[in-house]
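The structure appears right after this line, and notes come after that.
Any read-out appearing in this document is the output of simple, stated calculations on the displayed coordinates, not a laboratory observation. Every value quoted in this text rests on a predicted model; they were computed, and no experiment measured them. FYI the Cβ positions are ideal-geometry reconstructions off the backbone, even for glycines, and counts take in every protein chain you see.
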Amino acid sequence: MLHLVLVEPRIPQNTGSIARTCAVTGAALHLIYPLGFKITDAQLKRAGLDYWDKLDIYHHKNLDAFFAAYPAATAQNPYFYFTAKTGTLYTEVQYPEETFLFFGREDTGLDDRILQAHPERCVRIPMRETLRCLNLSNSVAIAAYEYLRQHQFAGLCLDGRISRADWESAVPKPYDISQV
């Protein structure tokens, strides 16, 4: 089971997009309060569209309440902290079956005390040095799909079809770029 943990997210659209990612992948979403918006925010709901009823979502008063509900990580049930403040890439670790991926606030990231207490569990997504960071919802999607790739996309549909054509009988036609 994949658990995506958002610590004090500020932007409703990011959280809505992440909720949609959770719904389509089967990941659980954990929201650590305080949030920078109300859970009834229209922007949050719009970003998640009609996926809210398909979502496993958990609300935690604060990080202490989360850690009380999900005791200290073990090798079989680890926490990983996404941050730009480490050299370990998110692709360099093996994510066990049950994994918790933590993401901090859009404006400050995760608290340095958490990162300093668990440097072996800190991972990063590479990016250009001169820019701040990726959008939170993009970072969560990248991390979630790495976990899913490592687990052979278990439980997800791997087969797709074009809805308005029979794929096998469709004859490709060359593109006439002068018409574009």
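Structural remarks
- Each residue, residue 97 and residue 52, gets one label point 7 Å from its Cα in the Cβ direction; the gap between the two is 3.4 nm.
- Taking other Cβ atoms within 10 Å as a rough exposure proxy, 89, 63 sort from fewest to most as 89, 63.
- Global form of segment 2-156, assessed from the alpha-carbon gyration tensor, a/c cut-off 1.5: rounded
- Annotation: extensible slack from residue 77 through residue 116 equals 12.1 nm (criterion: 0.36 nm per residue apart, minus Cα-Cα distance).
- Radius 13 Å from Cβ of residue 113, net charge of other residues (Lys, Arg +1; Asp, Glu -1): -2
- Shown for 118, 59: other C-beta atoms within 10 Å of each C-beta, ranked fewest to most, produce the order 59, 118.
- Beta bridges per DSSP with both ends in segment 2-156, % antiparallel, nearest 5: 10 percent
- Residues 122, 157, arranged from fewest to most other Cβ atoms within 10 angstrom of their Cβ, appear as 157, 122.
- Cβ-Cβ distance of residue 138 and residue 40, R₀ of 22 Å, FRET efficiency by 1/(1 + (r/R0)^6): the value works out to about 0.35.
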